[in-house]
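Visitor: Here it is, the structure in full.
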Amino acid sequence: MFEGRYKSCLVKEDSYFLQTSRYIHLNPVEAGMVKYPEEYRWSSYRTMIGLSDIINISSVAAVAHIPFQAFYSASKAAISSYSCALDNEVKPYGIQVTVVELGDIHTGFTQARQKVIVGDKEYGGRISRSVSQMEKDEQNGANPEVIGAYIAKIAEKKCKPICVAGAQYKFLSLLCKLLPCGIRGKIVGAIYAK
């Protein structure tokens, strides 16, 4: 794979596509890394032959719509919607798509965050208070190993199209789906936009 300078060429013919796909998927076998192509974890081969499902990672922010995190919430909502739509598209081929909506996870992300609180003065300090609350929640978040094990468990069995990690986030997700938008907004706003 890293034998020389990167180059790309347009694949126009079906026969060349098959030859290219064969090369990509058999490369780990020929390199002695695995015995069979489906054993190579970084390959899409398992999905191509119907042995694997697709797992996308999103956030409970997809339904909780966190203030001052509008782009984040919107991008997570897009991933969740995309995953549900894709699940309907590929289901006839025996492939299931699951989106895992995560809550807060205690990682080094909080300490590495670079904050630019533009407009905080105009919002009366609400942005910095909101970010401070998010950081507190992240510091008290789930253990990354526990979340990793949860996702691995999902990969090993058939699951619902949307899985939410953690009891409190399952409850929050359910509430956000059941409550009218205005009430949901007031609750989330009371936590993150006071």
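Visitor: With no solvent and one equal point scatterer per Cα, compute the Debye intensity ratio I(q)/I(0) for region 42-86 at 0.13 Å⁻¹ and report its log10, rounded to two decimals.
Guide: Result of the Debye calculation: -0.39.
Visitor: Follow-up. Which of the trypsin sites (Lys or Arg not before Pro) found in region 81-146 are in a DSSP loop and have at most 13 neighbouring Cβ atoms, other than their own, within 10 Å?
Guide: Working: sites: Arg113, Lys115, Lys121, Arg126, Arg129, Lys136; in loops: Arg113, Lys115, Lys121.
Sites meeting the loop and neighbour criteria: Arg113, Lys115, Lys121.
Visitor: Can you show me the helix-derived [θ] at 222 nm for the chain, built from DSSP H runs with n ≥ 4 at -39,500 (n - 2.57) apiece and divided by the number of residues, rounded to the nearest 500.
Guide: Numbers: 9 runs with 101 residues, N = 194.
Helix-only estimate at 222 nm: -16000 deg cm²/dmol.
Visitor: Could you state the principal axis extents of the C-alpha atoms in region 83-157, from the largest down, to the nearest angstrom?
Guide: Here the Cα extents, ordered largest to smallest, are 53, 27, 16 Å.
Visitor: Residue farthest toward the positive end of the dipole of the chain, with Cβ of Lys/Arg at +1 and Asp/Glu at -1: which of Ile154, Gly103, Gln19?
Guide: Projecting each Cα onto the dipole axis, the largest value belongs to Gly103.
Visitor: Against the longest alpha carbon principal axis of the chain, how many degrees, from 0 to 90 and to the nearest 10, is the axis of helix 167-178 turned?
Guide: So the inclination is approximately 80 degrees.
Visitor: On the first, second and third principal axes, largest extent first, how far apart are the outermost C-alpha atoms of region 1-156 in Å?
Guide: So the extents along the principal axes, rounded to whole Å, are 63, 38, 30.
Visitor: Leaving out ligands, DNA and RNA, and with a 1.4 Å probe, what % of the accessible surface on region 60-173 is carbon or sulfur?
Guide: Details: 4100 of 6830 Å².
Summing carbon and sulfur atoms, their accessible area is 60 percent of the total for region 60-173.
Visitor: Connecting C-alpha atoms closer than 10 Å in a GNM of the chain, tell me which of Ala77, Ala152, Ala142 has the biggest fluctuation.
Guide: Of Ala77, Ala152, Ala142, the Gaussian network model singles out Ala152 as fluctuating most.
Visitor: May I pose another question? Which net charge results for the neighbourhood of Phe109, defined as the other residues with beta-carbon distances under 13 angstrom from its beta-carbon, given Lys and Arg at +1 and Asp and Glu at -1?
Guide: -2
Visitor: Sequence-distant or interchain residues sharing an amide H contact under 5 Å with Asn56, placed H: which?
Guide: Amide H neighbours of Asn56: Thr98, Val99, Val100.
Visitor: Could you tell me what fraction of 2.2 N^0.38 Å the Cα radius of gyration of region 68-194 comes to, as a two-decimal ratio?
Guide: 1.21
Visitor: Mind checking the per residue accessible area of region 12-78 for me, 1.4 Å probe, whole number of Å²?
Guide: On the way: 4580 Å² over 67 residues.
Computed with neighbouring chains in place, this is 68 Å² per residue.
Visitor: Oh, and also: Along region 21-35, what does the Karplus equation 6.51 cos²θ - 1.76 cosθ + 1.60 (θ = phi - 60°) give for ³J(HN,Hα), rounded to whole Hz, x for Gly and Pro?
Guide: 4, 4, 4, 4, 7, 8, 4, x, 5, 5, 7, x, 7, 9, 7
Visitor: Taking a temperature of 37 °C and a viscosity of 0.692 mPa s, what whole-number D in µm²/s does Stokes-Einstein yield for region 30-122 with Rh from Kirkwood over alpha carbon pairs? Can you show the working numbers first?
Guide: Numbers: Rh = 16.3 Å.
Stokes-Einstein gives a translational diffusion coefficient of 202 µm²/s.
Visitor: Around Ile147, with a cut-off of 14 angstrom between Cβ atoms, what is the net charge of the other residues, counting Lys and Arg +1 and Asp and Glu -1?
Guide: -2
Visitor: Dipole size in debye (nearest 20) for region 1-117 around its Cα centre, Lys and Arg Cβ +1, Asp and Glu Cβ -1? Walk me through the intermediate numbers first.
Guide: Numbers: 11 positive and 11 negative charges, 81 e Å.
So the dipole magnitude of region 1-117 works out to roughly 380 debye.
Visitor: How large is the charge dipole for region 102-157, taken about the Cα centre, if only the Cβ atoms of Lys, Arg (+1) and Asp, Glu (-1) carry charge, to the nearest 20 debye?
Guide: Details: 8 positive and 8 negative charges, 25 e Å.
With only Lys, Arg, Asp and Glu charged at Cβ, the dipole is about 120 debye.
Visitor: To the nearest 10 degrees, how steeply does helix 181-192 sit against the main Cα axis of the chain, on a 0 to 90 scale?
Guide: Taking the Cα atoms of the chain, the angle to 181-192 is about 80 degrees.
Visitor: For the chain, which longest stretch is free of loop sites, where a loop site is one of the chymotrypsin sites (Phe, Trp or Tyr not before Pro) that DSSP puts outside H, G, I, E and B and that has at most 11 other Cβ atoms within 10 Å? Let's see the in-between values first.
Guide: Working: sites that count: Phe2, Tyr6, Trp42.
In the chain, the maximal stretch lacking such sites is 43-194.
The values are calculated or read from the model by the stated rules, or taken from the named source; none is laboratory data. Here the structure is a predicted model, which is why all the values come from computation and not from measurement. Please note: Cβ atoms are built from the backbone with ideal geometry, for glycine as well, and neighbour counts cover all protein chains shown. Areas reflect the complete protein model, heavy atoms only, side chains present, ligands, DNA and RNA absent. Shrake-Rupley method; radii C 1.70, N 1.55, O 1.52, S 1.80 Å.
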